[in-house]
1. Which one of these does Ser65 not meet: (1) among the hydroxyl-bearing types (Ser, Thr, Tyr); (2) under 22 Å from the mean Cα position of the chain (by Cα); (3) part of a loop (DSSP other than H, G, I, E, B)?
2. Quick check on the stretch 155-165. Is at least one of its residues under 20 Å from Pro106 (Cβ atoms), in contact (Cβ under 8 Å) with a residue 40 or more places away in the chain and not in a helix (DSSP H, G or I)?
3. Here are Thr40, Thr102: which of them is of a type outside the set (Phe, Trp, Tyr) and touching a residue at least 40 places away in the same chain (Cβ under 8 Å)?
4. Answer yes or no: is there a residue in the stretch 264-284 that is over 26 Å from Ala177 (Cα atoms) and surrounded by 17 or more Cβ atoms within 10 Å (Cβ to Cβ).
5. So which residues in the stretch 68-122 are of a type in the set (S, T, N, Q) and either buried (at least 23 other Cβ atoms within 10 Å of the Cβ) or within 19 Å of Phe158 (Cβ to Cβ) (or both), if there are any at all?
6. With respect to Leu210, determine if the residue is buried (at least 21 other Cβ atoms within 10 Å of the Cβ), more than 25 Å from Ile250 (Cα to Cα) and in contact with a helix residue (DSSP H, G or I) (Cβ under 7 Å, 6 or more places away or on another chain).
7. Would you call Asp49 farther than 21 Å from Leu83 by Cα and not hydrophobic (A, V, I, L, M, F, W, C)?
8. Just wondering, is there one or more residues in the stretch 223-233 that are among the β-branched types (Val, Ile, Thr), surrounded by fewer than 19 Cβ atoms within 10 Å (Cβ to Cβ) and over 20 Å from the mean Cα position of the chain (by Cα)?
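What follows draws every value from the coordinates through simple rules; no lab data is involved. Everything numeric in this text was worked out from a predicted model, so none of it was measured. Virtual Cβ from ideal backbone geometry, glycine too; neighbours counted across all protein chains shown.
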Amino acid sequence: MMQVSPDTTRVGWIGTGVMGLSMCGNILSKGYPVTVYSRTREKARPLLDKGAKWADSPKAVAEASDAVFTMVGFPSDVREVYLGPRGVLAGARPGSILADMTTTEPSLAKEIHAAAKARGVSSVDAPVSGGDVGAREARLSIMAGGDPEVFAALMPLFSAMGKTIVLQGPAGAGQHAKMCNQIVIAGTMIGVCESLIYGHKAGLDLETMLSSIAGGAAGCWALSNLAPRVLQRNFDPGFFVEHFVKDMGIALDEAKRMNLPLPGLALVHQMYVSLLANGGGKHGTQALLLVLEQMADTRVGAG
C-alpha cells in the first residue's frame, strides 16, 4: 500500500462544485500536486490559479494520479465518472487508490469497489457532512467504507479535509452512514424551520429566541449555522436542495429494501419535492422554510 505524502503522491480531483472546490483547495494547500477535471472548466479556475493542472477527462485525471477523489452530483454522474469509457477506471493504474466522496447508492459503491479490485485498484466510499462551512474550514465529518489498509493510507489526505474521520465498515458502509446523517438532517431542518415560523407568529424577536434555544437541548449545527441565514432570507446553497432530495430518495429506497418504515423522512422528502417542483432545487436546504411559509401564509425574517 502506498505511503501518502506531498513529495510522492500525485492527487487527482474530479468535481469542483460548492463542496469539491474547497475540499480540493485544502489538499492543494498541503503541498500535494493536483490534477483536476470538472464538466465546467471555469468552476475549477480558482484551483488552476493556485497551481493545479487541468485534465480533459476523468480517465486523464486517473492516468496522472496515484490517488483520485471524486465529488460530483448524482449516482448517474458517479457511474459515468468511474465506469464510463472515459472514466476513472479506464485510466487508473494498478496500485492506485480511488475515493468517491459523493453521497450515492451503497450498491453503487460496492459495484465500483468490485470493478476497481478486478483491475488491481483500491476503492473507498467516503461521503461527507458539514456543508460549505465544513468544507472551507477543513472540518468535515468523513464516513468511509472499504478496506482498513486503504482507509489508513488515505488518512493524510482525509485529514486535510476533515476532523471526524471514521471507517464505518466494508464497501458501501460509508454511504449507509451518510444516509443516517441525512435522516437526522431532514428531521432537524423541519424542526428548525417550524420553530422560526412559530416564534414569528408568537411575536418573538427571533434572534433573541435563537440565542436562548441554541444553548440548550435544542442546540444543533443547523440551528447555529442555517437559522441565522434564514433570518436574512439567505437561501444560498451550502448544500443544494436537489442533492438533498436525491439523498432522501436513496435512503427511502434502501429503507424499502429493508422493509423499514421511515414516516418522518417520507414527510420531509415530500415537502422538499414540493420545493423542487417550485423551482427551489438550487437553493440551500434551509429553503424548506419557503414551503412552510406558503402553508402558513406568513413570511419570516428580513425584507
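1. (2)
2. Checked the stretch 155-165: no residue is under 20 Å from Pro106 (Cβ atoms), in contact (Cβ under 8 Å) with a residue 40 or more places away in the chain and not in a helix (DSSP H, G or I).
3. The conditions single out Thr102.
4. For the stretch 264-284, residues over 26 Å from Ala177 (Cα atoms) and surrounded by 17 or more Cβ atoms within 10 Å (Cβ to Cβ): present.
5. If the condition is that a residue be of a type in the set (S, T, N, Q) and either buried (at least 23 other Cβ atoms within 10 Å of the Cβ) or within 19 Å of Phe158 (Cβ to Cβ) (or both), then Thr70, Ser96, Thr102, Thr103, Thr104, Ser122 are the ones that fit.
6. Yes; evaluated as a whole, the condition is true for this residue.
7. yes
8. For the stretch 223-233, residues among the β-branched types (Val, Ile, Thr), surrounded by fewer than 19 Cβ atoms within 10 Å (Cβ to Cβ) and over 20 Å from the mean Cα position of the chain (by Cα): absent.
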